Amino acid sequence: MSVRSVIVFCMATAGFCGWAWGQAVEIGSVGSADRRLAVAIPDFAAAPGMEQAAREMAQVAAYDLDFTGLFAIVAPASYPPAFQGYTADPTQIDFTAWRSVKTAYLIWGSVSLQGNTIVAEMRMFDVPSGTQVVGQRLTASRDLPRLIAHRFTEEVVRKVDGVPGIGSTEVFFSAGKPGAKEIYVADYDGANPKQLTKHGSISILPKASPDGSKVAYVSYKDRYPYLYVFDRATGRSTVLSKSVGLNAAPSWSPDGRSIAMVLSKDGNSEIYVKNSDGTGERRLTRDPASDTSPAFDPSGNQIAFVSDRGGHPQIYVMDSNGGNPRRVSMVGGRAYDPIWSPDGKLIAFVSEQSGLGCVIYVMNADGSGARQLSTSGGMNESPSWSPDSRHIMFCSTRSGQPGLWAVNVLPPCDLHRINVKGMSCEGPCWGPRR
């Protein structure tokens with residue numbers, strides 16, 4: 001969410017997102033022919049008492065791989081007629097029968113329980129050759145069967161495409177009702193939401209540290225909007241900034257030692273950097289215009305930000321010491337919410353244009369090659385990159401009320417609606433792999 005939105009929020013003291021999510025996933029696709037790799041993922045073999053966990057793990061693996069945009073999941077109705085389910089012995093797989101199915105890969109799993117630990121043997125086979133492509137033995141606490149599946153799919157994606165998937169990642173967001181919002185974290189697909197802060201106030205705009213152990217955010221818990229850092233290990237929040245005026249838009253440096261932010265204590269919005277413990281304040285911008293929404297690049301050497309120094313808000317990039325500012329967004333209209341892809345190649349941002357409203361755009365880091373990712377309709381803002389640079393999560397009102405959505409960066413740019421049952425939300429931040 002941009003500082004523009006923060007100011008509106010401060011004036012209205014009303015939640016941006018007020019929609020209670022369901023559980024269904026809606027996926028849309030626009031563009032070229034389907035070139036995804038077909039993969040079949042039947043329910044895994046299970047030791048007595050582990051049937052539900054095995055079924056859930058197979059479903060999670062299917063969701064993860066479908067989400068990547070690299071795979072198409074083979075429907076059970078297309079399985080070989082003689083297939084009756086897996087056994088715990090992968091050598092019993094009938095590859096001759098599976099070759100009659102239009103699938104490139106087959107994922108097999110076997111799940112058992114040793115004490116309070118789930119033990120899973122998981123493998124992906126190349127169906128035409130019948131050879132193993134990926135094989136892992138994974139363990140986790142009994143209450144974390146989903147995490148095992150997530151970690152396996154990360155390795156599957158790495159093997160196929162060179163960069164690990166994002167199955168084990170988390171998303172941080174603000175949830176609650178108008179006048180009472182807290183910071184939450186959930187699996188990237190919306191499962192397992194957990195409340196982090198308990199201020200009984202309005203807490204918004206979470207930004208996770210590079211290792212996911214801390215979260216910077218804005219809160220009204222002390223009456224005015226100040227910046228805080230929440231430590232997930234201790235459950236405690238400490239003050240980052242309590243300056244007079246606006247305290248907003250925290251952005252972590254790649255090494256986690258510094259946080260850029262927007263302060264208005266000097267009369268207009270300027271960008272500052274502090275150490276993550278709130279010490280060592282340094283002012284970066286000194287312009288009569290409003291400078292907002294800082295975002296470090298992966299190297300820590302540059303910062304993208306929003307400025308209206310040219311008349312309307314646009315995306316600029318400067319050196320991390322504040323020098324050499326230059327405009328990079330050239331798509332027309334107004335531009336907000338820049339965020340650098342983890343691989344450093346792209347910048348996602350929000351473009352507000354007449355007739356389109358606010359839509360998600362992506363451009364090369366030098367400003368070239370700008371293209372629209374999200375379709376128009378409603379308000380689309382607060383883009384956040386997945387760690388693999390393949391997806392962008394954002395908040396949208398395209399369904400009438402705001403919710404979280406994710407879009408694949410590469411064509412056909414599949415659009416996924418992310419659901420957290422019974423919760424409203426705003427300002428997603430995609431966290432690191434676990």
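The values are calculated or read from the model by the stated rules, or taken from the named source; none is laboratory data. Here the structure is a predicted model, which means the values were calculated and not measured. Please note: Cβ atoms are built from the backbone with ideal geometry, for glycine as well, and neighbour counts cover all protein chains shown. The accessibility values were calculated without ligands, DNA or RNA, using every heavy atom of the protein model including side chains. Shrake-Rupley method; radii C 1.70, N 1.55, O 1.52, S 1.80 Å.
Using DSSP to define loop residues, name the trypsin sites (Lys or Arg not before Pro) in the range 181-239 whose beta-carbon has at most 12 other beta-carbon atoms within 10 Å. Qualifying residues, ordered by number: K198, R223. The angle separating the long axis of helix 145-161 from the principal Cα axis of greatest extent in the chain is about 90 degrees. Since only G322, Y336, S374 are under comparison, the one whose Cα sits farthest along the positive direction of the charge dipole of the range 320-374, derived from C-beta charges on Lys, Arg, Asp and Glu, is G322.
Protein heavy-atom accessible surface, 1.4 Å probe, per residue over the range 155-210: 34 Å².
Could you provide, to the nearest whole Å², the per residue accessible area of the range 389-432 with probe 1.4 Å?
That works out to 25 Å² for each residue.
Enter the Cα centre distance for the pair the range 380-399 and the range 118-146, rounded to the nearest angstrom. For the range 380-399 versus the range 118-146, the Cα centre distance is 30 Å.
Here the relative contact order of the range 39-113, from alpha carbon pairs under 8 Å that lie six or more residues apart, stands at 53 percent. Among residues other than R390 with Cβ under 14 Å from its Cβ, the summed charge is -3 (Lys and Arg +1, Asp and Glu -1). Here, P(r) means the percent of Cα pairs in each 10 Å bin from 0 to the largest distance; for the range 73-214 it is 10, 29, 29, 18, 11, 4, 0. Only DSSP H runs of four or more residues enter the estimate; each adds -39500 (n - 2.57), and after division by the residues of the chain the mean residue ellipticity at 222 nm equals -3500 deg cm²/dmol. Name the shape class, rounded, prolate or oblate, that the alpha-carbon gyration tensor gives for the range 308-399, where a ≥ b ≥ c are the square roots of its eigenvalues, rounded holds for a/c under 1.5, and otherwise prolate holds if a/b is larger than b/c and oblate otherwise. It comes out oblate by the Cα gyration axes.
Would you work out if the range 370-434 is rounded, prolate or oblate? Take a ≥ b ≥ c from the square roots of the eigenvalues of the alpha-carbon gyration tensor; rounded if a/c is under 1.5, else prolate when a/b is larger than b/c, oblate otherwise. Could the numbers behind the result be given before it?
Working: a/c = 1.87, a/b = 1.11, b/c = 1.69.
Verdict is oblate for the range 370-434.
Computing the accessible area with a 1.4 Å probe over protein heavy atoms, can you report the carbon and sulfur percentage for the range 180-264? Roughly 47 percent, rounded to a whole number. Averaged per residue, the range 253-311 has 40 square angstrom of accessible surface, using a 1.4 angstrom probe with ligands and nucleic acids left out. Measure off, as a whole percent, the carbon and sulfur share of the 1.4 Å-probe accessible area of the range 339-424, all protein chains present. Carbon and sulfur together cover 51 percent of it.
Calculate, in nm to one decimal, what K177 and Q92 gain on full extension: separation in residues at 0.36 nm each, minus their alpha carbon distance.
Details: separation 85, 0.36 × 85 = 30.60 nm, distance 5.31 nm.
So the chain would gain 25.3 nm between K177 and Q92.
Let me know the shape class of the range 244-335, please: from the alpha-carbon gyration tensor, a ≥ b ≥ c as square roots of the eigenvalues, rounded when a/c is under 1.5, otherwise prolate if a/b is greater than b/c, or oblate. Each step should come with its number before you reach the end.
Values: a/c = 2.04, a/b = 1.29, b/c = 1.57.
Oblate is the answer for the range 244-335, as a/c is 1.5 or above yet b/c matches or exceeds a/b.
Hey, what angle do you get for helix 3-12 against the long axis of the chain, alpha-carbon based, 0 to 90 degrees rounded to 10? Roughly 80 degrees, rounded to the nearest 10. If I fit a long axis through the Cα atoms of helix 51-68 and take the longest principal axis of the Cα atoms of the chain, what angle between them do I get, 0 to 90°, rounded to 10? Helix 51-68 and the main axis of the chain meet at about 60 degrees. Pairs of Lys residues in the range 173-304, spaced 8 or more positions apart or belonging to different chains, with C-alpha separations under 19 angstrom: 22 in total. Taking every Cα-Cα distance in the chain and sorting them into 20 Å bins from zero, the calculated P(r) comes out as 26, 53, 20, 2 percent.
Extension gain for the segment S201 to R283, taken as residue separation times 0.36 nm less the Cα-Cα distance, is 26.6 nm to one decimal.
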